[in-house]
Amino acid sequence: MDVGAADFERCLPRLRDRVGRAAFLGLDMEFTGLYSAFPQSKEPSLFDSPAERYRSVRQSVQRFTIAQLGLAIFSEENSNKYVVHSYNFFLFPSTLGNMAAEFTLSASSIQFLSYYGFDYNKFLKDGIPYMNELQEKSLSQRLLEGSWKVCSALDRNVVKKAIDEVSCWIAAAKEGDTVILRNLSGSHMLDVQLVLRQALQNVWTQPLGDSEVMVKKVSPQHRQLLENSPYNCCQKERILTSARGFTNLFQILVKAKKPLVGHNMLMDLCHLHDKFYNPLPESYEEFKRNIHNLFPVLIDTKTVTKSVWKKYQFPRVSSLLETYEFLCSHPNPTDPTCPVIALASDSARYAEKKSPHEAAYDAFLCGSVLLKSAHLLLCRLTDDAAEPEPSFSRYLSVLAEYLNKVNFIRGAVSSINFSGKDAPSRHPPLLVVRVRGRPGLNERQIYEEFKPFCRFDVRRLSENQFILLSNKFKDVRLVLRDYKHHPHLQVSVYRHWRHSPHVNCLLQVSGIVALWSLVAFVLGGAPS
């Protein structure tokens, strides 16, 4: 089900009720870009520590925004049956007042989403506004000060036209007379009312439907009474609720504390924090603490399925959709104890048509893959004939070792543990390449040299030495064998005591100190 700004406020009470009754929530997002092309930003590397990767991701999150957020609400019914309501929320940064947000569009991301049918008109014209706590605080302060400004050029034109119309009318109007301003939409309704009330002390405004505002000439005394009325649509709290937009739903999710399920969800969590909670902190550890406080139970299906595939030795799959399709047909699709997943009528199109890279569909896939993977793990541990019928609480118990561990793509750890310390990955040994007779080689040239064999990540160690790191033991053995007698590139296993520049420097300094001590001892002892 697609939800834009025009429908969001009406849908919010129903969403609150469904989230409250949910067993868990599936989440997916589509962005205007992934990784910044700026020189400081780099692609993921096996050398990356979680803190280093976080700094890179943080930089990208600050530049790009969420174009579409998918939320799949899984409600557990009787007999291990789950009913799913899956929503597509089109989002667009708030332009209310002087909140002139800026974001970047990545050409490759736009092309990718366009290929899969993303509707950019809904994103641009009907995107739900949102703000984080810092932006809300700033907006609240401007409302208290009465210093409302309109930054958007389009909004300024709409407001100017409305002011001109009211200014011409009010000169001849009597107290109690009204005029209707038509063809307003979205934030224009609020901007026009706030600017008019701020500029003219003898008018009152009232919205009529979704596109009209009634302006009434009143006395200052009557105006004061109306301002204190509970029906004042421009009261501070009402404005803030409207301006929060999707953030209202985010706060419902935080309050509900339901298990949140995603697939390779680090980027999703960073955007949740930055766009709806607070700007991402510089500290990686602070980010982890904040996310764990917001969502105490996270489940990354990439982390879960990596383990399931290893235990069952399933054939390799390359995408979330392929994972879902394989689990639907293997190992025993007719097992009567398998969870039954039924799409609600408002999401029924996903049962008839695949929609990869549509956020609501991918959120549905995340939740479905979780249930099917958890069922396989449960069957592996128990004798189905003797055990009670599966339930989500039992699935959670077999998933305990994966909770709050978010997959870490190509890095020094296999997952980020949001409820504890990150455990290092088990990689093959580092290799060191010593260059002879070919001065001036850089990391890219070394990478291209070894690319035909496998994918090694490369870092410079010294002027003529480079470190190679792979995640496959067989590739390390292959390179050591084939480069054993290479005329220009000497490849060996890295030994810290032998190859580290810091250790070499320390040994050289120690040697110099020892030599001078010996010289001083000899010279000092010569006269006697």
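Here are a few things to note about the model shown:
- In the range 345-368, the residue that is least open to solvent (accessible area, probe 1.4 Å) out of those that are of a type in the set (A, V, I, L, M, F, W, C) and at pLDDT below 95 is 348.
- Condition met for residue 342 (outside any helix (DSSP H, G or I), among the aliphatic types (A, V, I, L, M) and in the same structural domain as residue 75 (by the TED database)): yes
- Checking the stated criteria, residue 101 turns out not to satisfy the condition of being at pLDDT 95 or above and not polar (S, T, N, Q).
- Of the numbered criteria (1) of a type in the set (D, E, K, R); (2) over 26 Å from residue 48 (Cβ atoms); (3) in contact (Cβ under 8 Å) with a residue 24 or more places away in the chain, the one residue 394 fails is (3).
- Count - residues of the range 431-446 that are surrounded by 13 or more Cβ atoms within 10 Å (Cβ to Cβ), within 12 Å of residue 461 (Cα to Cα) and within 40 Å of the chain's Cα centre (by Cα): 4
Okay, residues lined up against (1) modelled with pLDDT of 90 or more; (2) in contact with a strand residue (DSSP E or B) (Cβ under 6 Å, 6 or more places away or on another chain); (3) not assigned by the TED database to the domain that holds residue 372:
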| position | (1), (2), (3) |
| --- | --- |
| 179 | yes, yes, yes |
| 211 | no, no, yes |
| 252 | yes, no, no |
| 268 | yes, yes, no |
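- Residue match in the range 146-155 (condition: over 25 Å from residue 33 (Cβ atoms) and either modelled with pLDDT of 85 or more or touching a Phe, Trp or Tyr at 6+ places or on another chain (Cβ under 8 Å) (or both)): no
- The single residue among 43, 30, 102, 52 that is of a type in the set (Asp, Glu) and in contact (Cβ under 8 Å) with a residue 12 or more places away in the chain turns out to be 30.
- The residues of the range 269-299 that are part of a helix (DSSP H, G or I), out of contact with any Ser or Thr (no Cβ under 9 Å at 6 or more places or on another chain) and surrounded by 22 or more Cβ atoms within 10 Å (Cβ to Cβ), listed by number, are 269, 272, 287, 291.
- Hey, residue 371 assigned to a helix (DSSP H, G or I), surrounded by 18 or more Cβ atoms within 10 Å (Cβ to Cβ) and not hydroxyl-bearing (Ser, Thr, Tyr) or not: yes
- Extreme residue, least open to solvent (accessible area, probe 1.4 Å), among residues of the range 477-496 that are closer than 20 Å to residue 443 by Cβ and in a loop (DSSP other than H, G, I, E, B): 483
- Residue check for residue 318: modelled with pLDDT of 95 or more, surrounded by fewer than 15 Cβ atoms within 10 Å (Cβ to Cβ) and more than 16 Å from the chain's Cα centre (by Cα): no
- Of all residues in the range 291-320, those satisfying the criterion of being out of contact with any helix residue (DSSP H, G or I) (no Cβ under 7 Å at 6 or more places or on another chain) and without any contact (Cβ under 8 Å) to a residue 24 or more places away in the chain are 293, 309, 310, 313, 315, 316, 318.
The values are calculated or read from the model by the stated rules, or taken from the named source; none is laboratory data. Computed from a predicted model, the values in this text were never measured in an experiment. Glycine gets a Cβ as well: all are built from the backbone with ideal geometry, and neighbour counts include every protein chain shown. Keep in mind that these areas ignore ligands, DNA and RNA; they rest on the heavy atoms of the full protein, side chains included. Shrake-Rupley method; radii C 1.70, N 1.55, O 1.52, S 1.80 Å.
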